[in-house]
Amino acid sequence: MGEGKRGKPRSELERLEIFEKLAADYFRMVELFTADDGPVPPDSVEGERRQWVELFRAALLRKFIVRDEHVSLKLVVRALRLCNHAADRRLTEGTEQIVGLFTAEMVQGRQHGMPAPTPEDGRDIFEDVLYGRLLHGDADRFHRSEWARDYGRMSAAAAQRFDAEHALGKALEVVSYGFANGLLQSPAVPDSNTGPASKVDG
């Protein structure tokens with residue numbers, strides 16, 4: 001399945017511009033809502049608050065890790081390769097570091113419309129919570145996500161997503177460096193089907 005057309009950036013450069021702002025917003029949110037150190041009982045008000053913050057954090061991270069989202073790391077890597085018009089070495093090396101940090105295992109969640117049962121290993125069960133309870137109210141996923149009442153299991157499933165923050169932080173650093181130094185511009189002949197294949201395709 002390719003990138004959807006609805007809301008698609010008009011150019012690869014615009015994709016990077018949008019990504020830079022959204023990634024910065026994401027890390028600012030994480031900073032503002034980081035809980036104080038120290039364990040708290042999960043059934044306390046503070047424990048419940050932390051659980052909701054973790055859920056929202058994972059939901060906001062989704063657009064950067066699901067492969068066909070407009071600002072997914074997969075497409076950001078492609079855009080960096082296409083827009084690095086000067087073939088700047090630091091920009092090129094930084095782009096490849098993103099690829100190394102963002103592994104296929106981080107591309108979590110099934111695509112829409114896949115009815116297969118949710119596996120028990122925690123790799124994509126969080127998608128049922130997102131689509132059944134947070135972002136949408138899909139009936140089948142709502143019922144499959146009854147396990148979300150088990151806060152320990154839910155927290156473990158959400159936490160698997162946060163490994164991608166290292167790659168996201170590196171991508172923000174590389175994109176910001178490119179813009180700050182005038183190294184990024186739209187390809188002469190924009191073509192969404194060109195560019196080197198990326199290991200982040202999943």
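None of the figures in this text is laboratory data; all of them are computed from the coordinates on show. Values in this document were obtained by computation on a predicted structure and should not be read as measured data. Ideal geometry is used to build each Cβ from the backbone, glycine not excepted, and the neighbour counts take in all protein chains shown.
Highest-first packing order for the peptide set 64-77, 24-37 is 64-77, 24-37, based on the mean count of other beta carbon atoms within 10 Å. For region 172-180, putting each phi into the Karplus relation 6.51 cos²θ - 1.76 cosθ + 1.60 with θ = phi - 60° gives couplings of 4, 4, 5, 5, 4, 4, x, 5, 4 Hz, in residue order, rounded to whole numbers and with x for Gly and Pro. Between residue 155 and residue 31, the simple label model (points 7 Å from Cα in the Cβ direction) yields a spacing of 2.6 nm. What net charge is computed for the residues neighbouring residue 84, neighbours being all others with C-beta under 14 Å from the C-beta of residue 84, Lys and Arg scored +1, Asp and Glu -1? Local charge sum for residue 84: +1.
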